[in-house]
Amino acid sequence: MADTSIYRDLAERTSHTFYLGVIGPVRTGKSTFIKKFMEAAVIPN
């Protein structure tokens, strides 16, 4: 199991709000990654 203390620390220091930037060249699937991530990890919960 992964050590999640860094995530707890980040959440405490940022009042449970942080931004994630996805960068890369055009046509590499950035929007698709964001869409799939939201469908799999965020929206079901």
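Nothing in this text is a laboratory measurement; each read-out follows from the coordinates by a stated rule. Because the structure is a prediction, the values reported are computed rather than measured. Cβ: placed from backbone, ideal geometry, glycine included. Neighbour counts: every protein chain shown.
Farthest toward the dipole's positive end in the chain, which of Thr32, Val42, Tyr7, given Cβ charges of +1 (Lys, Arg) and -1 (Asp, Glu) about the Cα centre?
Value computed over the given set: Thr32.
FRET efficiency for Ser5 and Lys36, Cβ-Cβ distance as r, R0 = 25 Å, nearest 0.05? Present the calculation step by step, with values, prior to reporting the outcome.
Values: r = 27 Å, r/R0 = 1.09.
Efficiency, rounded to the nearest 0.05: 0.35.
Could you work out the Rg to Rh ratio of the chain, with Rh taken as the Kirkwood radius (inverse of the mean 1/r over all Cα pairs)? Don't jump to the answer; show the numbers that get you there.
Numbers: Rg = 13.5 Å, Rh = 12.8 Å.
When Rh is taken as the Kirkwood radius, the ratio is 1.06.
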